[in-house]
Structures are given as structure tokens and as C-alpha cells.
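Here, each number is a calculation from the coordinates, and none is a lab measurement. Bear in mind that the values here come from a model prediction, so they are computed numbers and not experimental data.
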Amino acid sequence: MSEKTLVLHPVLKNVDDNGRSVQAAVEEIKNLTAAIDLTVVAAEPVIVNKINPAFFFGKGKVDQIAGEIKEQQISLAVLNCSLTPVQQRNLEKKWNCKVIDRTALILEIFGERARTKEGVLQVELAHLNYQKSRLVRGWTHLERQRGGKGFLGGPGETQIELDRRVITENIVKLKKELEDVKRTRHLHRKARQKVPYPVVALVGYTNAGKSTLFNRLTNAKVLAKDMLFATLDPTMRLVNLPNGREVILSDTVGFISNLPTELIAAFRATLEEVLEASLILHVRDVAHQDSDAQKKDVESVLKLIGAERQMDRGLIEVLNKIDLLDQEKQNALFAANIRNKNKIPVSAVNGTGIENLLALIEETLAQDRCEINADIPVDQGAALAYLYRVGEVLDRTDENLICHLRVRMNPEDVLKFENAFPQVSYAVPRT
């Protein structure tokens, strides 16, 4: 039987929450809690006039909640905020139950969802950084009947018994292992650059439908559920654009408001795929009441990881889940798309707008390319193969054992072609 859990969303007076509605925030933290199979007995907002350094809430509110916890036999309280170690310990003593904050909850979710070696290492590193200041605890961790260490584990979990020196040593060890993983990923990226395929990265707020869109575009079978953080480890597949050009599509971890700083630092290796991308697709859930606030959260994380250059070069907003909107709202989005083609309405579920999205990806990636006219003797098979492999052959005419081609390709690939095949003549047409 899972823990009986009380979910609390503190609402700070006179604090701007980026335009986010209280109702949506409560629903989100409730869904996050349910994502690790905890039994949510109640989820409610709590007005906070001023943060109490000792308990976060005022004394009267702490006593009121204590009564509710005792009456409903709550064994776990989840607070949708960041607690100091002192606040956490004081609340646990006052409420006589386990208390975790937003960061600990997200760490637990990530701990359950990580599958690759890199993902596991990143979560362990984030957890150790979080745990360094929380070594003194008055309560055992959550009981869990599952293997592994568990980030909210059970009694006897070794991590909580480690002193700061051992934790620091483990952090150093994990960072070294992650560096090895990063080097491997770097080698993989260099190998892809030699092919080369442009990388198109899907980013977006968690549960915006990235994995469903990824499956729609690639015919893959990536886990796609109506569940927060369904995707944690990055997934990559080849996609054929309408003109036959191949690109690599990368599905990344979902972003979220107030993403723990420990996780931003730890998952930088995963998010490096975004930094290397030729194009970013920002997938948005336009049917969500806080869609605009979620957009700001995603853009904020992108800037935090240093993706401004990619955002400036070209970012396509994929306005997903239009199938959940009425016809009038759908029509308004399609009308807006005519004015701003980089905001494209789609439904990853039923396929509406997918062809338009693929065409826009193709058009956007072509903007940085140039065209050349090449005259290649038919016996120069390697030169022909190179142009077909790295470029987009727009036109071909064969005459007197000479192939006349018009090819669109990246400027750097034109230089590589010139160096590799100096015997072949080509020209860049005047614009």
C-alpha cells in the first residue's frame, strides 16, 4: 500500500508566479506526486503572508495542518516549494510525518525514470548535491518495495548514513564517470557531423506531447503517456523530410517550472544535444490553461543552459494538442500561423498539421544552405556519391557522359567537396 500523502501548494502574497494559475499549480504538483504511485489524500493551496524561517508557514497554519495530518493519518506531506533543511526537520517533528519539498519529489521521479547509464549517474549526482545539507534527519525515508538505492528509499538506506566527506568523494567519482559519458557523446556527435545529418531537438514543458510528436514523425515507439516526465533519457531517430533529406530528431527531458538547480547542472550533458542542434522545435500544449507561463519557463531554461544562439538562429513553436480545442480556437491558431509561420498548429495524436511542420523544418534548415551547379564526369562516382550523400540534388541532366547537377548544401560541405575533388568544376549561381 502506498503512502497516504497530503500535497500543499504555498501561495505567497504579492509574489508574481509568472502568470501561472493557482489551480494549475496545485494540479501539477498533485500529478507529480501521483507519478510515483503515492496516494494523494488531498491537494490544496495554502496562503502564506510571510515565509517563517523556522517552519515556512506561520504557527497557526502549521498547527491547523498538523490536525489535518493526524485526523487523516497522513504519513507524507509534499510541499510545492523549496524548504531549508531546518524548515523540513521542524515540520517533520511538528506534523509527525515525513516531509519533502518540490526538489526532492522531482529527484524521486527522475530516479525512477532513468534508464541509461548516463541518466542514472546524473540523478545520483543531483541527489547527492541535494543531500549534502540534509544529513541530519529525524525520520526514516519512505518505505519502498523496489530495488536500487531509491531516492526516498527505506530504513537502512546507506546514503543517509554517509557523512559529508564520503558524499563529497562520491560526487567527485560521479562527476568523473559523467565526464567519460560526455566524452563518448562528444565522439558520437563528431561521427554524426561527418555523415552529416542536421540535429532537430524537441524541447518543451513536461507532458506537452513531445514523445507523441516524436513517434508521429519517426514511426518509433517511445513511451508516450499522459504523465509528467514520461521521457527522461534522450532518444534519437532519423527522419526523412519531404525532399528526401534526412535529419536526426532528438527527444529530450521535459522542462518544468522551478526546475531544481541541482538537476539543471546534472543534466547539462543531456541538454548538450540541444546546444548542438541545427534547429529547436519548442513543443507547447496550447490546450493547457498555463500554456503561456509554460512557454516562459522553457525559454528561461534554454537561456540558462546557453541556447540563445540556437534560439536566435531559428526556433519553431509547435502548438500541439489542437485536437483538444474547439473549432473556433483552432481556426484562430491557423489564422495566426499565416501571419507567423514559425508558430505552427498541430495535433501529434491525429496528425493534423504534421505535413506543414515537416515542410517548415525543411524550409528552415535550407535557409543556411547555398546552391551550386556542378559538372561531373560519369566516371567520377565518388564525387557524385558525395553530393547525393551530403547535399540535396535539386536537378540533374546527363549529357555526353557529363552529369549536370544543381545541388543545395551547407557552405562548409562545398569547401570539403572542393578540397576532396579539385578535378571537378562547379559554380555558385548568382542571386
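Before moving on, here are some points about what is shown:
- Spatially close lysines, pair count over region 277-415: Cα under 18 Å, gap of eight or more or interchain: 10
- Here's the list of lysines a cross-link from K173 could span, going by alpha-carbon distance under 23 Å and ignoring same-chain residues fewer than 8 apart: K117, K132, K149, K182.
- Pair-distance profile P(r), taking every C-alpha pair of region 4-105, with 10 angstrom steps and integer %: 15, 52, 30, 2
- Anchor K416: aspartates and glutamates whose Cα lies under 18 Å away (excluding residues fewer than 8 positions away in-chain): D368, E371, D375, E392
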